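The values are calculated or read from the model by the stated rules, or taken from the named source; none is laboratory data. Quick caveat: nothing in here was measured; it's all calculated off a predicted structure. Every residue, glycine among them, receives a Cβ derived from its backbone with ideal geometry; neighbour counts consider all protein chains shown. When the accessible area is computed, the model is the full protein with side chains, heavy atoms only, and any ligands, DNA or RNA have been set aside. Shrake-Rupley method; radii C 1.70, N 1.55, O 1.52, S 1.80 Å.
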Amino acid sequence: MTETSLETIETLMGLPSTEDFVADGITIVRRTQDYAYRSVNVAMIARNWLLGRRIVEEELVGGNSENYGKKVIVRMSEELTRTFGKGFTTSNLYMFSRFYRMFPEMFHTLCGKSRVLSWSHYRELIRVPSDSARAWYHEHAVSEGWSVRTLSRNISTQYYYRIAGNPSPDDNTQDAPESDAENETERLAFIKNPLVLEFLNIPKDEKVSESDLEAMILNNLQSFLLELGRGFAFVARQKHIRTETRDFYIDLVFYNFDLRCFVLIDLKTGPLTHQDIGQMDMYVRMYDELERREGDNPTIGMILCSDTDRDIVHYSVLNDRDQLYAAKFLKHLPSEAELRREIEAQKEIYRQMESRDPSS
């Protein structure tokens with residue numbers, strides 16, 4: 001029995017008794033069911049990893065010959081299926097082999113941890129070709145408790161590459177980026193661009209107003225928060241800011257606990273304009289003066305629009321103010337190739353902002 005298993009048993013044995021007899025019984029069953037599930041999950045991961053390792057070892061005997069490798073897989077599949085039944089098809093064994101190759105240090109990593117991903121999570125991670133991206137998805141799935149569905153969507157929408165501080169999908173240096181910790185502490189590196197809002201289920205040919213888009217986002221707030229990224233919490237809609245002479249209303253206000261600052265979002269269903277940028281610049285300055293609390297970092301303003309424009313970015317205050325950001329939203333999830341082109345286009349705009357002259 002592993003050290004983790006012993007620790008879990010000790011925890012179960014230490015469950016306290018309360019005055020609610022039935023509630024105690026429910027707690028015992030739930031905790032032991034959870035323990036049983038995790039034990040079975042770790043055993044399944046270990047089985048698949050060990051089978052993958054054994055297959056890779058045998059393939060090396062044949063000098064990594066493709067024909068020899070196929071024979072190894074076929075023979076193992078036939079024998080395991082004859083002995084144990086379903087679950088050991090050649091496609092599954094190829095997957096186990098890739099699993100071992102992609103996670104060769106798996107059980108050094110798992111040692112001493114009580115929380116591991118499920119085999120279904122690893123099936124999703126195996127389809128990520130980039131080592132750095134796969135490691136990033138794995139780390140965040142564990143630390144943020146992503147469900148299999150959330151992980152699958154984040155991979156499909158290329159979450160890793162849409163983060164401003166991460167390499168673009170066509171960058172040949174993508175497997176040797178700066179550390180993720182450094183990337184995520186940079187201003188604006190947390191913002192994804194473009195944002196994919198397919199969960200709003202907007203019909204393809206339907207035009208929506210800004211008020212309708214706001215309502216759709218609020219009706220799907222949990223999905224929108226996940227799409228925004230880590231550390232976000234909803235604060236207000238149509239936030240009222242009053243000056244001595246006028247009233248203003250900010251579409252959406254969030255707080256990011258990682259950056260310790262408010263994030264204002266202005267929704268624009270049309271392309272980015274100079275007027276949009278000027279308005280957001282004013283909102284950010286007003287919010288910093290009237291609403292920002294002691295200890296908060298400067299407020300960030302994000303214009304979420306249907307399209308961005310390099311010239312407008314270059315020749316506007318957006319190119320001078322590191323508190324302002326423009327991001328494009330996609331109503332539907334495009335093909336992988338289309339999304340890659342869109343990510344690269346938005347990265348170019350971000351790089352243009354990053355190269356601005358700080359003395360200007």
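Structure data summary
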item: Positions within the range 102-136 being modelled with pLDDT of 95 or more and aromatic (F, W, Y), in sequence order; result: Y122
item: So F254, is it part of a strand (DSSP E or B), among the aromatic types (F, W, Y) and closer than 29 Å to L333 by Cβ; result: yes
item: Filtered residue count, the range 55-68, keeping only those that are touching a residue at least 12 places away in the same chain (Cβ under 8 Å) and either of a type in the set (D, E, K, R) or over 14 Å from F99 (Cβ atoms) (or both); result: 2
item: Single residue of R53, R38, R47 found to be out of contact with any Leu (no Cβ under 6 Å at 6 or more places or on another chain) and farther than 16 Å from N92 by Cα; result: R38
item: So R260, is it on the phi > 0 side of the Ramachandran plot and surrounded by fewer than 15 Cβ atoms within 10 Å (Cβ to Cβ); result: yes
item: Identity of the residue in the range 150-171, among the charged types (D, E, K, R) and over 16 Å from S223 (Cα atoms), that ends up most open to solvent (accessible area, probe 1.4 Å); result: D170
item: Hey, D258 at pLDDT 95 or above and among the acidic types (D, E) or not; result: no
item: Which listed residue, of S152, S179, is out of contact with any Lys or Arg (no Cβ under 7 Å at 6 or more places or on another chain), modelled with pLDDT of 95 or more and small (G, A, S); result: S152
item: Pair list, Cβ under 7 Å, 6 or more apart: the range 268-297 residue touching a residue at least 12 places away in the same chain (Cβ under 8 Å) and under 22 Å from K207 (Cα atoms), other residue among the basic types (K, R) and surrounded by 17 or more Cβ atoms within 10 Å (Cβ to Cβ); result: D276/K268
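Results for (1) within 35 Å of the chain's Cα centre (by Cα); (2) open to solvent by 60 Å² or more (accessible area, probe 1.4 Å); (3) closer than 23 Å to I73 by Cβ, shown as yes or no for each residue.
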| position | (1), (2), (3) |
| --- | --- |
| A23 | no, no, no |
| V29 | yes, yes, no |
| S39 | yes, no, no |
| V42 | yes, no, no |
| L51 | yes, no, yes |
| I55 | yes, no, yes |
| L60 | no, yes, yes |
